[in-house]
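K.L.:
My questions will all concern the structure given below.
The values are calculated or read from the model by the stated rules, or taken from the named source; none is laboratory data. Since we're looking at a predicted model, the values are computed, not measured. Positions of Cβ are generated from backbone atoms using ideal geometry, with glycine treated the same way; all protein chains shown enter the neighbour counts. These area figures cover heavy atoms from the full protein model, side chains too; ligands, DNA and RNA do not enter into them. Shrake-Rupley method; radii C 1.70, N 1.55, O 1.52, S 1.80 Å.
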Amino acid sequence: MDTVHTILRSAKYFFCATFLSRVSGFCRDMAMAFCFGGSAEVAGFLVAFRLANLFRRLLGEGNLQAGFVPQFESFRQESFAKAVHFYREAALFLTLVSSVVVIGSEGILWLVFDVLSPSWQEIARLTMWMLPGLLFICLSGLNQALLQSQKKYFWPALTPIVFNGVWILAAMVSQNMLTLSIWVTVGCALQWMISSLQVKREFSSLEKQKRQWFSLSCRELIRLMTLGLLGIAAVQINSALDAIFARIADLSGPVYLWYAIRVQQLPLALFGLALSGAVLPPLSRAIRSGDRTRFYEFLHSSLRRSAVLIIPSAFGLVALGGAGLNVLYGHGHFHLQEVQNTMVCLWAYALGLAPSVGVLLLSQAFYAQKMYWVPARASLYAVGLNIFLNAVFVFGFGWGAASIALATSLSSLLNCYQLARALTGSFDLSLFKLSFRLALASALPTALCLAVQYVGFQGLALNGWGQGLQLAVLSLLYLGGFAALVFLLSIHEVWETLGLRERSPAENRGNESFP
């Protein structure tokens, strides 16, 4: 039976696996920074990687999982065998669609190749080598959605380590970006193979039925995905435009944005994706059973837990971001100025961390109800604002790559506001009070850390053991100051989330009243 406790337990499994996956991702980025620095060639490779993955969330991650999980749960109520057969038909359909997208994209790039400038020809060439990986990533995303519906969160979230491991080895031995691009596609294929073995082990005992290309169940999945397609497509196109705007603002701009957003995505993935991935199946089951009280209980608990984890993380990115980036990337060919440029981008991304997690959780509430048009509409508004701000910041004000990150954060705030306003009952006054107290407890240690960094350590002009010492001192100041203020302000939710304090029966009753 689904409860708040089971959701948190699933999120913890997701958290542990995602943490290991993200550590491997940081090792991958460190290898890239050490071996290639922040050159224009690396920036071109990262732009190509984004272009090659333009359809990733459309077909293989968020949109697919949002359409697949509620439909899978509906079939499960009739028969588990029927639900698994639906997965197998969906895999066949996804293989066809992804193959068409890959072949079509390759053809378009081949046709326009000769009219591109030399630098963009290189980007197009790298994109063409990485495009086949889209097929494997999409199928891997479907496998992950299936396993999550089975409450299997740890191993599916661990499979990206295989992809990152291949990338790291390739970065160490590759002499150019073309060879690296080929190995990126190989890594995608290996990731899919590992996830397929997990699925096969889970369902090999079930008898296979004859599959159809466009069965009724697949047509329903197409309908559900189409409802959210517009919003996700806009977000993906916007992501690609961000890289292009950054390239216009600064030839190395995509590098700064890439490394900054990789750090920003650590708490986003550990807490936001863990909670949203764990809460979607229970939300879907609550809606299927008509229990809206439990639906709001799950959503409300997830929002409070996310606030406790994300708000201190956002301030932590500002307090510790510069020192952390210096430890991660301030070696080899990645110089101090490049670290500082990345730090400014990270600060701008930090502003949008809490709204981004809010978007993830609130979107799941609409997906569980099959109301895909609401997140799509909110995404369109946010994307429109983001493109407008990018144009103003880059062409109007002549700002650098950090302005792209700032525009992204402001647009995520609009997106979160649109979803919150559309979902009656998702917020209450206690959540805002909690968020304010957490912000206060985080802001004061952040100011102290920045003062110590620029007065005591003279900025980031450190190397070797000095980098680690600076990060250790600032971390102790931030975490110690935050813990002290949490105690003084009596923010009991922090200790409850960390498992250091149990709720009293009276508090539990108070937190179970929903609009």
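K.L.:
Hey, any hits in the range 52-63 for a residue that's open to solvent by 10 Å² or more (accessible area, probe 1.4 Å) and at pLDDT 80 or above?
P.N.:
Yes, some residue in the range 52-63 is open to solvent by 10 Å² or more (accessible area, probe 1.4 Å) and at pLDDT 80 or above.
K.L.:
Okay, moving on. Do the conditions hold for Arg292, that is, is it without any contact (Cβ under 8 Å) to a residue 40 or more places away in the chain and over 21 Å from the mean Cα position of the chain (by Cα)?
P.N.:
Judged against the criteria, Arg292 is a match.
K.L.:
For Ala483, which of the numbered conditions (1) open to solvent by 10 Å² or more (accessible area, probe 1.4 Å); (2) part of a loop (DSSP other than H, G, I, E, B) fails to hold?
P.N.:
(2)
K.L.:
Scan the helices (runs of 4 or more DSSP H) fully inside the range 264-354 and keep the ones with 2 or more residues being open to solvent by 20 Å² or more (accessible area, probe 1.4 Å) and touching a Cys at 6+ places or on another chain (Cβ under 9 Å).
P.N.:
Of the helices (runs of 4 or more DSSP H) lying wholly inside the range 264-354, those with at least 2 residues that are open to solvent by 20 Å² or more (accessible area, probe 1.4 Å) and touching a Cys at 6+ places or on another chain (Cβ under 9 Å) span 292-329.
K.L.:
Okay, moving on. Test Ser119 against the criterion of being closer than 26 Å to Ile261 by Cβ, more than 27 Å from the chain's Cα centre (by Cα) and modelled with pLDDT under 90, and give yes or no. Steps first, answer last, please.
P.N.:
Working: closer than 26 Å to Ile261 by Cβ: yes; more than 27 Å from the chain's Cα centre (by Cα): yes; modelled with pLDDT under 90: yes.
Here the answer is yes, as Ser119 does meet what is asked.
K.L.:
Sort out which residues of the range 441-480 are more than 13 Å from Leu320 (Cα to Cα), part of a helix (DSSP H, G or I), in contact with a Leu (Cβ under 7 Å, 6 or more places away or on another chain) and open to solvent by 50 Å² or more (accessible area, probe 1.4 Å), and write them in order of number.
P.N.:
Answer for the range 441-480, where residues must be more than 13 Å from Leu320 (Cα to Cα), part of a helix (DSSP H, G or I), in contact with a Leu (Cβ under 7 Å, 6 or more places away or on another chain) and open to solvent by 50 Å² or more (accessible area, probe 1.4 Å): just Leu444.
K.L.:
Determine, yes or no, whether Val392 is free of Cβ contacts under 8 Å to residues at least 40 places away in the same chain and within 30 Å of Val42 (Cβ to Cβ).
P.N.:
Details: free of Cβ contacts under 8 Å to residues at least 40 places away in the same chain: yes; within 30 Å of Val42 (Cβ to Cβ): yes.
Answer is yes for this residue.
K.L.:
Something else about it: Residues of the range 418-429 being open to solvent by 40 Å² or more (accessible area, probe 1.4 Å) and at pLDDT 80 or above, which ones? Walk me through it before giving the result.
P.N.:
So the first thing to find is which residues in the range 418-429 are open to solvent by 40 Å² or more (accessible area, probe 1.4 Å), and the list is 421-422, 424, 427-429.
Those that are open to solvent by 40 Å² or more (accessible area, probe 1.4 Å) and at pLDDT 80 or above: Arg421, Ala422.
K.L.:
OK, next. Looking only at the range 328-348, decide whether some residue is closer than 27 Å to Glu493 by Cα, more than 17 Å from the chain's Cα centre (by Cα) and not polar (S, T, N, Q).
P.N.:
So far as the range 328-348 goes, yes, one or more of its residues are closer than 27 Å to Glu493 by Cα, more than 17 Å from the chain's Cα centre (by Cα) and not polar (S, T, N, Q).
K.L.:
Next question, about the same structure. Return the pair list, or none, for Cβ contacts closer than 9 Å from residues in the range 17-35 that are within 17 Å of Ser195 (Cβ to Cβ) and modelled with pLDDT of 75 or more to residues that are outside any helix (DSSP H, G or I) and of a type in the set (Ser, Thr, Tyr), at least 6 apart or on different chains.
P.N.:
Listed by first residue and then by second, the contacts come to Ser21/Thr159.
K.L.:
Give the residues of the range 395-409 that are within 19 Å of Pro254 (Cα to Cα) and assigned to a helix (DSSP H, G or I), sorted by residue number.
P.N.:
Phe395, Ala402, Ser403, Ile404, Ala405, Leu406, Ala407, Thr408, Ser409
K.L.:
Taking only pairs six or more apart or across chains, which ones have beta-carbon atoms under 7 Å, a first residue in the range 489-508 that is within 15 Å of Val308 (Cα to Cα), and a second residue that is open to solvent by 70 Å² or more (accessible area, probe 1.4 Å) and modelled with pLDDT under 60?
P.N.:
Cβ pairs passing all conditions: His492/Arg501; Trp495/Arg501.
K.L.:
For the range 128-137, does any single residue satisfy the condition of being over 25 Å from the mean Cα position of the chain (by Cα), open to solvent by 40 Å² or more (accessible area, probe 1.4 Å) and under 30 Å from Gly37 (Cβ atoms)?
P.N.:
No, there is no match, as no residue in the range 128-137 is over 25 Å from the mean Cα position of the chain (by Cα), open to solvent by 40 Å² or more (accessible area, probe 1.4 Å) and under 30 Å from Gly37 (Cβ atoms).
K.L.:
Looking at (1) modelled with pLDDT of 90 or more; (2) surrounded by 23 or more Cβ atoms within 10 Å (Cβ to Cβ), which is the one condition that is false for Val359?
P.N.:
(1)
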